[in-house]
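Report on one structure; see the data block that follows.
The values are calculated or read from the model by the stated rules, or taken from the named source; none is laboratory data. Since we're looking at a predicted model, the values are computed, not measured. Here the Cβ positions follow ideal geometry from the backbone for every residue, glycine too, while neighbour counts run over all protein chains shown.
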Amino acid sequence: MSAPTLGYAPTIDVDPFCDEVLADPIPLQRQLRAAGPVVHLGSYDILAFARYEQVRAALVDWQGFQSAAGVGLANFRTEQPWRPPSLLLEADPPHHDAPRRVLQKILSPRALRTLRDDWFADAEALVEKVLADGTHIVEIDAVTELAEAFPLRVFPDAVGIPQQGRENLLPYGDHLFNSFGPRNHLVEAGESRAGELQEWTSAQCRRDVLAPDGFGAEIWAAADRGDILFDQAPLIVRSLLSAGVDTTVHGLSAVLHALATHPEQWSRFREAPAAAARVAFDEAVRWESPVQVFFRTATRDIEIGGRTVPEGHKILMFLGAANRDDRRWGADADRFDLGRDPSGHVGFGMGIHQCVGQHVARLEAEALLTALARRVEHLEPAAPPRRHLNNTLRSWDSLPLRLHLA
Amino acid sequence: MSNVAPIHQRGHVAEQASAGTARVTEIRREADGVMGLVLTDPVGDRLPDWAPGAHIDLVLPDGTTRQYSLCGDRWDAHSYRVAVLREPSSRGGSAFVHDSLREGDLVGIGGPRNNFALVPAARYLFVAGGIGITPLLPMIAQAELLGADWNLLYGGRTRTSMAFLDELGRYGERVRVEPQDESGLLDLPAFLGEPREDTRIYACGPAPLLDALATAAACWPSSSVRTERFVARDRSDGGSDTSFELTLARSGRTIVVGRSETVLEAVAAAGVDVLSSCRQGTCGTCETTVLVGRPDHRDSILDDDDRQAGDCMFPCVSRAVPGDRLVLDL
């Protein structure tokens with residue numbers, strides 16, 4: 001495993017996937033950025049990037065840093081993946097082209113316009129229900145009652161999967177995102193249900209199970225047109241179910257936590273919610289980076305940041321660290337600030353693999369935040385929040401909030 | 001947003017200095033009447049990603065905009081190749097490329113866009129007429145890479161007018177080159193054979209060839225046949241990078257978008273941040289509603305119907321049609 005070329009980069013021995021770092025990755029991110037443009041991770045003997053410049057460069061360079069060997073620590077060239085690889089996340093051109101093209105069209109901002117009014121109404125109804133008990137002050141857990149409730153209310157319907165079994169979506173996503181990391185206790189804990197969850201998820205991707213008017217049906221219709229092969233359709237539906245729920249939940253938790261802990265930003269948001277909702281969400285995605293890390297594999301010897309990544313070697317990209325790199329974001333990079341233009345953050349990735357569902361996530365956030373702004377004058381933490389640990393995701397288990405109604 | 005720091009202080013310019021501009025780094029004669037151009041980013045950055053079947057808008061220094069298929073290697077992220085046929089009646093466009101364009105010149109580029117994407121299949125039949133070989137070249141390279149079964153039937157007026165014969169030579173028997181003055185009209189029925197479930201037909205060339213193909217392939221399922229009609233006309237509505245006026249509807253303010261800045265940069269300088277991400281017209285994040293005016297679309301996202309609707313644009317790359325002004329919902 002060890003190669004002499006790796007030794008040129010400064011070595012850091014802290015395990016980025018240990019519980020302490022997963023609970024608070026910020027100190028390690030600082031250490032990694034300060035160490036240099038390329039860092040050697042002693043615990044896994046791989047090279048890593050934590051500065052914006054190198055992370056972005058690696059993300060867009062699909063020719064040099066491939067995904068088909070897996071975007072986790074496991075190298076599919078030598079290791080058997082635990083599930084059939086994704087046709088999007090774990091594929092390179094040319095195989096990646098057709099699935100991406102089809103899904104990108106189905107999830108484009110233009111295509112989503114038809115959902116907009118419904119989702120705004122759904123968000124209002126959900127907020128109405130959550131606030132129903134209170135007259136002035138309501139205490140809620142924002143994770144379960146808003147951040148999970150809203151995506152679970154609108155997204156599975158939009159995909160067109162049946163009602164039954166939807167409680168499997170979050171555990172499936174949680175295990176999937178854990179599995180990109182090393183086989184630590186988080187992965188082991190998920191393994192007992194992994195087979196069953198994967199089976200359930202695959203079963204939702206069949207044509208006869210999907211509603212006739214959702215994203216899922218549209219994917220199958222693309223197979224009818226010959227734009228993808230029929231045997232690709234279920235795996236592309238699976239991508240929606242794998243990557244479309246947990247990530248959005250944690251993105252929403254992030255923006256709710258950010259606004260609750262930055263009252264001046266909430267006031268600012270409430271002055272012009274229609275204009276500020278999208279910025280607030282993307283700034284939260286930058287600040288919190290719900291997807292913290294992804295791996296790639298070098299397709300040849302690649303010079304980056306003055307070092308050589310040898311062919312066939314995994315690299316680790318710290319998206320969360322790049323999103324707080326003061327070289328890119330200025331001295332106040334650690335601050336959640338609606339006055340900042342968060343454009344260009346790598347929280348959704350960048351390049352051909354950039355989150356194909358990003359416009360779905362933004363629309364969900366815009367709907368939920370707009371509904372909250374109408375009814376809530378200000379919000380604050382009601383008790384200390386609790387982290388949920390995941391090898392890839394930065395997320396909350398519980399966010400007790402006190403909402404003061406307008 | 002009150003943050004009106006100059007955009008370069010936020011680091012954007014260093015990432016995407018040159019969206020929309022390329023330098024002509026090589027001009028090469030590919031056949032009688034066909035010039036090959038190699039285009040690279042002026043500061044050596046990556047050019048926007050593309051896939052076989054894609055074309056770019058080329059905005060020439062004489063102000064004409066023409067569309068050309070990309071026919072290079074997408075594993076080279078830093079250059080595009082196009083091939084330009086001199087059209088007999090051309091005044092701008094192709095004539096300019098042949099007579100006046102020089103290595104080192106800067107040109108505007110829009111896209112890439114793809115209306116002719118290669119779909120997955122076990123077997124492909126490619127039919128090219130003349131310069132219609134250009135979008136098929138990268139498709140062939142891809143079919144070869146995927147280990148698909150494929151054949152090319154390539155017609156042209158004369159052998160010397162047919163570009164890229166040397167490159168195609170390496171594929172041996174899979175390629176049939178049939179210049180009209182040697183072999184007559186292409187025998188399409190014989191080449192296509194019986195309809196097959198596993199096969200997709202891709203054809204590009206002049207209208208008579210595509211009409212003949214439509215007849216010959218009439219018994220094939222329509223989803224099996226994909227063609228790109230050669231549009232040999234100079235676009236009159238495309239723009240060079242001229243400055244234009246833009247009104248921000250929500251504040252009623254009017255600003256000028258300079259020649260060398262994007263709409264996104266111009267509105268940011270006026271204190272309005274529009275959320276964006278890729279800054280190459282590919283991700284769709286900065287979609288903005290157009291209330292008045294005709295956008296000069298330079299993105300890779302909107303298809304022809306979307307463009308016809310004219311109700312939105314991507315201000316990271318797109319501009320206004322020359323002489324027009326835009327009113328945006330900002």
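Quick notes
- Residue selected from the stretch B:74-107 under the condition touching a Lys or Arg at 6+ places or on another chain (Cβ under 6 Å) and crowded, with 16+ Cβ neighbours inside 10 Å, by the criterion modelled with the lowest pLDDT: B:G93
- Residue in the stretch A:380-396 that is part of a strand (DSSP E or B), of a type in the set (G, A, S), under 30 Å from A:G190 (Cβ atoms) and more than 9 Å from every other protein chain (Cβ to nearest Cβ) present: yes
- Number of the exception - A:M350 against (1) away from chain B (no Cβ under 14 Å); (2) touching a Lys or Arg at 6+ places or on another chain (Cβ under 6 Å): (1)
- Restricting attention to the stretch A:358-379 and to residues that are within 12 Å of chain B (Cβ to nearest Cβ) and touching a residue at least 24 places away in the same chain (Cβ under 8 Å), the residue that is farthest from A:V127 (Cα to Cα) turns out to be A:H359.
- Residue match in the stretch A:217-234 (condition: under 22 Å from the mean Cα position of the chain (by Cα), surrounded by fewer than 23 Cβ atoms within 10 Å (Cβ to Cβ) and within 14 Å of chain B (Cβ to nearest Cβ)): no
- From A:A98, A:A48, residue being crowded, with 21+ Cβ neighbours inside 10 Å, in contact with a Leu (Cβ under 7 Å, 6 or more places away or on another chain) and either touching a residue at least 24 places away in the same chain (Cβ under 8 Å) or part of a helix (DSSP H, G or I) (or both): A:A48
- A:E264 being in a helix (DSSP H, G or I) and among the charged types (D, E, K, R): yes
- Strands (runs of 3 or more DSSP E) wholly inside the stretch B:64-135 containing at least 1 residues that are within 14 Å of another protein chain (Cβ to nearest Cβ) and closer than 27 Å to B:L209 by Cα: B:106-114, B:123-129
- Scan of the stretch B:154-174 for residues that are touching a residue at least 12 places away in the same chain (Cβ under 8 Å), surrounded by fewer than 21 Cβ atoms within 10 Å (Cβ to Cβ) and more than 24 Å from B:R74 (Cβ to Cβ), ordered by number: B:R157, B:T158, B:R159, B:T160, B:S161
- Restricted to the stretch A:29-57, and to residues there that are within 14 Å of another protein chain (Cβ to nearest Cβ) and among the aliphatic types (A, V, I, L, M), the residue that is farthest from the chain's Cα centre (by Cα) is A:A57.
- The criterion of at least 2 residues that are within 14 Å of chain B (Cβ to nearest Cβ), over 23 Å from the mean Cα position of the chain (by Cα) and buried (at least 17 other Cβ atoms within 10 Å of the Cβ) is met by the following strands (runs of 3 or more DSSP E) wholly inside the stretch A:295-337: A:302-304.
- Restricting the first member to the stretch B:304-330 and to residues that are more than 11 Å from B:G293 (Cα to Cα), and the second to residues that are outside any loop (DSSP other than H, G, I, E, B) and acidic (D, E), the beta-carbon pairs closer than 7 Å and six or more apart or on different chains are B:S318/B:D296.
- Considering residues of the stretch A:380-400 that are surrounded by fewer than 22 Cβ atoms within 10 Å (Cβ to Cβ) and aliphatic (A, V, I, L, M) only, the residue farthest from A:P273 (Cα to Cα): A:L389
- A:T78 β-branched (V, I, T), part of a loop (DSSP other than H, G, I, E, B) and more than 14 Å from chain B (Cβ to nearest Cβ): yes
- The set of residues in the stretch B:40-59 that are part of a strand (DSSP E or B) and farther than 24 Å from B:V321 by Cα contains only B:T40.
- So B:G130, is it surrounded by fewer than 22 Cβ atoms within 10 Å (Cβ to Cβ), modelled with pLDDT of 95 or more and at positive phi: no
- Applying the set (1) buried (at least 18 other Cβ atoms within 10 Å of the Cβ); (2) in a strand (DSSP E or B); (3) aliphatic (A, V, I, L, M) to B:V327 leaves exactly one unmet item: (1).
- Residue-level check: of (1) at pLDDT 95 or above; (2) in contact with a helix residue (DSSP H, G or I) (Cβ under 9 Å, 6 or more places away or on another chain); (3) under 30 Å from B:P138 (Cα atoms); (4) within 13 Å of chain B (Cβ to nearest Cβ), A:R110 misses just (1).
- Residue selected from the stretch B:213-230 under the condition within 14 Å of another protein chain (Cβ to nearest Cβ) and in a helix (DSSP H, G or I), by the criterion surrounded by the most Cβ atoms within 10 Å (Cβ to Cβ): B:S224
- For B:Q280, the conditions (1) buried (at least 22 other Cβ atoms within 10 Å of the Cβ); (2) more than 11 Å from chain A (Cβ to nearest Cβ) are fulfilled apart from (2).
- Residue in the stretch A:269-283 that is buried (at least 21 other Cβ atoms within 10 Å of the Cβ) and away from chain B (no Cβ under 13 Å) present: no
- If you go through the stretch A:120-171 and pick out every residue that is part of a helix (DSSP H, G or I), β-branched (V, I, T) and more than 24 Å from A:A274 (Cβ to Cβ), you end up with 3.
- For the stretch B:305-330, residues that are within 14 Å of chain A (Cβ to nearest Cβ), farther than 19 Å from B:I109 by Cα and modelled with pLDDT under 90 total 5.
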